[in-house]
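Asks: One structure is given below, represented as structure tokens, and several questions about it will come after.
The values are calculated or read from the model by the stated rules, or taken from the named source; none is laboratory data. If you're wondering where the values come from, they're calculated on a predicted model, not measured in any experiment. Glycine also receives a Cβ, built like all others from the backbone with ideal geometry; neighbour counts cover every protein chain displayed.
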Amino acid sequence: MSAPPDAPTVLADSRDVQPEQRSTGGVLAFPAIFLLVTLLFVPSSGVLIMSLTDYQFGMSGFAYVGLDNYRAMLSDARFLNSLTNTLRYVGTVAPISILLGLGLAILIEAQGALRGLYRAVFFLPVTATLVAMATAWEVLLHPSFGLVNTALAGLGFDKQRFLTDPDIALWSLAAIGVWKMVGYNTLLFIAGMSQIPHDLYEAASIDGAERGWRRFTLVTWPLLGPVTLFVITITLIRAFSEFETVAVLTNGGPNGATDMMLYTLYEEAFRFFNIGLAAAISVAFLGFVAALSILKVRLFDRTARYV
Amino acid sequence: MKHIPTLTGIALLAAGPALAETTLTVYHAWPHHAEWQTQIAEEFMVQNPDVQIEFQAPSPDYDEGLVSVIRQNMAGDPPDIFMVGSHLLGDLVAREMVEPLDDLIGDTDMNAQGYTDEVLAFTQIDGVQYGLPWTSSTPVMFYNAELVEQAGGDPDNMPTTWDDTIALAADIDALGEDIMGMYYTPGDDDWMTQNLLASAGLAPISEDGSIAFNTETGEQAIALFERFHDEGGQTAISNNDGRQQMYAGKLGLYYNSTAAVRSFDREIGDRFEWGTAQMPRMVDEGGVAAGGMAAVILTDDPEKRQAAWDYLLYGTGAEAQAFVVQNTGYMPVNSGAIDELSAFYEDHPQFKTSAEQTDRAYPWFGWPGQNGARISQIVLDEMASIANDQQSAKDAAAALSEKISAQLPD
């Protein structure tokens, strides 16, 4: 995307490639292909096969059960609840953390002296170990004397059971999710903005779009297109894969209120030992992530041609 | 030449481990247990220089320990000795990972060694001895003596029935906006719910095969949890939060395993007077559910099995058990330890309560079949729904009976 516009695009016609070049290419590609097959395709096929069996973790035998696990999955109230929670979580965390990330990026880049400080401050949550941070959140959100509740009480509001009230718990996790992801998104947007050629802004200002909203809609936003697409995809995938906060803070409770897909998968496989059903959930999860990735690649190819 | 003695010393040190002919790997749960587990092993190695004990990094809880051991077993290299929550013993047996101890027990009279039949039953499956109990506990009532007094109660004479206990909790709760009357932890599995049933004189499944939640008494036992919230002032917070509330002196009564006694001792210190009392009863013959971990031998090697058996006998012997009790709050599994502990119990009465109620202890119930962990989760979820007013105890009891019977083997 950063190639100069006047550079001729050279696409080698496959008919021009000599046989020895082909074999060299094959040799050079071999390590990547080998790793891809052993680390990705073989294990994924293993999961696919296991999803068709009644295998229990650690037991010696198993039987082929066809699509029973998928049927069980789609009729299992617990899985459907977990899927709903996941979608609500993604539907909240992704848009907020993307828009907030964009807003912060613009504000930080417009800042002069303290730019580096702000970047670091908002990026810190990304570098912190989330399990340790989750424990810190637990202290902050303590129902009686956590800092947040003390502040609420000081302002005259009722104290809340942030992590144990079934009506609030999921949104508490979503808030922590936004806190965790917004810094990463901000950084990506900042990187994207630094790629925008300065002369485009000069041209825009000659055309009268000197500052503020018009400058943003005319130059910044269109040129951030590819980056935005990348941010959307990665945020959706990361939000969909949320696991740590559930495992550390709520264990999916109370009464399944914060159960999410990866946590359900983990419990089915490693607490209930039902590998068949867990494999079926994995396949569904893989399908979702793969669909997003393919969508991204296709859209990316179409839109990444601004500069 | 003055270096020679030092060098000899180093050589001797280096030769130390080489004396060991048998190496045993031990895997236990709970990282905060590592200290006393290691000390038992060190003492054992002093007495048995031909055996070397090595520890794997402890698992964070029983469930993850079990997963890890199953994985290690699939890879063909399980630890030689494993400490598992005794309710999970059935999972090891179903996977044929553990052999009965008959060959090692032989003609030994275990009763004469200080192991009562009740204690041995904790680690039996269908009457077969698969392990020895390494620790043992029952839940107790922890109380903040100052709050109890302020509410008009007598710390030396705590209530023995749930009705009186709930009334006391209500009085404590009324002491102030920031004070909570009671907190009965739902726990990480169904153990604390088993305790509610036990206080009503019920095992989760009775001898005629009926599920306790499906009986009127069982329903009343579940309704206790509803009354804790409606009448006793309990709020549906997490166990961690409840403990912090207790340590802060803002909670009147707290219910959990006696294994927490040592932590209470450390966290509260002299800040306020506290104590433990026996678990209240719902009916006169009400009991408590015992818990704890089983030590099992996973190795097949005859020589290692013998060494591991020696280690099990040492760790569950009078001396080591007295040491465990003082460092945790657990009860001794060996009756020989009671004598050694008499002076300690005199000075630390909070540690003694659990041992005083063992005559009414039920074993930690493991659900038959392969769905024990799932049933535990069902119980936790339904109890959470009671705590959060999502459904009545009556509906929860009905849901429990229905969902659990669907998970039990036919």
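Asks: Do we have any residue at all in segment A:270-282 that's surrounded by fewer than 17 Cβ atoms within 10 Å (Cβ to Cβ) and assigned to a helix (DSSP H, G or I)?
Replies: Within segment A:270-282 (the criterion being surrounded by fewer than 17 Cβ atoms within 10 Å (Cβ to Cβ) and assigned to a helix (DSSP H, G or I)), the answer is no, since none of the residues qualifies.
Asks: Which members of segment A:51-89 meet the condition of being surrounded by 13 or more Cβ atoms within 10 Å (Cβ to Cβ), within 14 Å of another protein chain (Cβ to nearest Cβ) and within 27 Å of the chain's Cα centre (by Cα)?
Replies: A:76, A:78, A:79, A:81, A:82, A:85
Asks: In segment B:225-253, which residue that is more than 14 Å from chain A (Cβ to nearest Cβ) and of a type outside the set (Asp, Glu) is surrounded by the most Cβ atoms within 10 Å (Cβ to Cβ)?
Replies: B:253
Asks: Select from segment A:184-205 the residues that are in contact (Cβ under 8 Å) with a residue 24 or more places away in the chain, out of contact with any Lys or Arg (no Cβ under 9 Å at 6 or more places or on another chain) and either closer than 16 Å to residue A:97 by Cα or not polar (S, T, N, Q) (or both) and list them in ascending order.
Replies: The answer is A:185, A:188, A:189, A:191, A:192, A:193, A:196, A:197.
Residue-by-condition table, conditions (1) more than 29 Å from residue B:69 (Cβ to Cβ); (2) aliphatic (A, V, I, L, M); (3) buried (at least 18 other Cβ atoms within 10 Å of the Cβ); (4) more than 14 Å from chain A (Cβ to nearest Cβ):
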residue	(1), (2), (3), (4)
B:306	no, no, no, yes
B:322	no, yes, yes, yes
B:327	no, no, no, yes
B:334	no, no, yes, yes
B:341	yes, yes, yes, yes
B:367	no, no, yes, no
B:383	no, yes, yes, no
B:391	yes, no, no, no
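Asks: What about residue B:212, is it in contact with a Leu (Cβ under 6 Å, 6 or more places away or on another chain), under 27 Å from residue B:402 (Cα atoms) and more than 14 Å from chain A (Cβ to nearest Cβ)?
Replies: For residue B:212, the condition - in contact with a Leu (Cβ under 6 Å, 6 or more places away or on another chain), under 27 Å from residue B:402 (Cα atoms) and more than 14 Å from chain A (Cβ to nearest Cβ) - is met.
Asks: Hey, any hits in segment A:90-111 for a residue that's modelled with pLDDT under 90 and not in a helix (DSSP H, G or I)?
Replies: Yes, that holds for at least one residue.
Asks: Just to be sure, is residue A:289 over 30 Å from residue A:69 (Cβ atoms), in a helix (DSSP H, G or I) and touching a residue at least 12 places away in the same chain (Cβ under 8 Å)?
Replies: For residue A:289, the condition - over 30 Å from residue A:69 (Cβ atoms), in a helix (DSSP H, G or I) and touching a residue at least 12 places away in the same chain (Cβ under 8 Å) - is not met.
Asks: Within segment A:54-61, identify whether any single residue is among the charged types (D, E, K, R) and assigned to a loop (DSSP other than H, G, I, E, B), and answer yes or no.
Replies: yes
Asks: Out of the residues in segment B:85-141 meeting the condition of being within 18 Å of residue B:361 (Cα to Cα) and aliphatic (A, V, I, L, M), tell me which one is nearest to the other protein chains (Cβ to nearest Cβ).
Replies: For segment B:85-141, the residue satisfying everything is B:125.
Asks: Test residue A:44 against the criterion of being among the hydroxyl-bearing types (Ser, Thr, Tyr) and either surrounded by fewer than 18 Cβ atoms within 10 Å (Cβ to Cβ) or more than 24 Å from residue A:263 (Cα to Cα) (or both), and give yes or no.
Replies: Against the criterion (among the hydroxyl-bearing types (Ser, Thr, Tyr) and either surrounded by fewer than 18 Cβ atoms within 10 Å (Cβ to Cβ) or more than 24 Å from residue A:263 (Cα to Cα) (or both)), residue A:44 qualifies.
Asks: Let me ask another. Pull out all pairs, ordered by first then second residue, where Cβ-Cβ is under 7 Å, the residues are six or more apart or on different chains, the first lies in segment A:124-142 and is under 23 Å from residue A:101 (Cα atoms), and the second is basic (Lys, Arg) and surrounded by fewer than 11 Cβ atoms within 10 Å (Cβ to Cβ).
Replies: Taking only residues 6 or more apart or on different chains, not a single pair turns up.
One line per residue, one yes/no per condition, for (1) on the phi > 0 side of the Ramachandran plot; (2) surrounded by 14 or more Cβ atoms within 10 Å (Cβ to Cβ):
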residue	(1), (2)
B:96	yes, no
B:100	no, yes
B:104	no, yes
B:112	no, no
B:116	no, no
B:126	yes, no
B:131	no, yes
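Asks: For the subset of segment A:141-166 comprising residues that are under 18 Å from residue B:249 (Cβ atoms), under 31 Å from the mean Cα position of the chain (by Cα) and at the interface with chain B (Cβ under 9 Å from one of its Cβ atoms), which member is surrounded by the fewest Cβ atoms within 10 Å (Cβ to Cβ)?
Replies: Filtering segment A:141-166 for residues that are under 18 Å from residue B:249 (Cβ atoms), under 31 Å from the mean Cα position of the chain (by Cα) and at the interface with chain B (Cβ under 9 Å from one of its Cβ atoms), the one surrounded by the fewest Cβ atoms within 10 Å (Cβ to Cβ) comes out as A:146.
Asks: Out of the residues in segment B:52-74 that are more than 11 Å from chain A (Cβ to nearest Cβ) and over 19 Å from the mean Cα position of the chain (by Cα), state the one that is surrounded by the fewest Cβ atoms within 10 Å (Cβ to Cβ).
Replies: If we take residues in segment B:52-74 being more than 11 Å from chain A (Cβ to nearest Cβ) and over 19 Å from the mean Cα position of the chain (by Cα), then B:57 is surrounded by the fewest Cβ atoms within 10 Å (Cβ to Cβ).
Asks: Then there is this: Where residues in segment B:173-190 are surrounded by fewer than 16 Cβ atoms within 10 Å (Cβ to Cβ) and more than 23 Å from residue A:254 (Cβ to Cβ), which of them is farthest from the other protein chains (Cβ to nearest Cβ)?
Replies: For segment B:173-190, the residue satisfying everything is B:174.
Asks: Give the residues of segment A:139-154 that are at pLDDT 90 or above, assigned to a helix (DSSP H, G or I) and not hydroxyl-bearing (Ser, Thr, Tyr), sorted by residue number.
Replies: A:140, A:147, A:148, A:149, A:151, A:152, A:153, A:154
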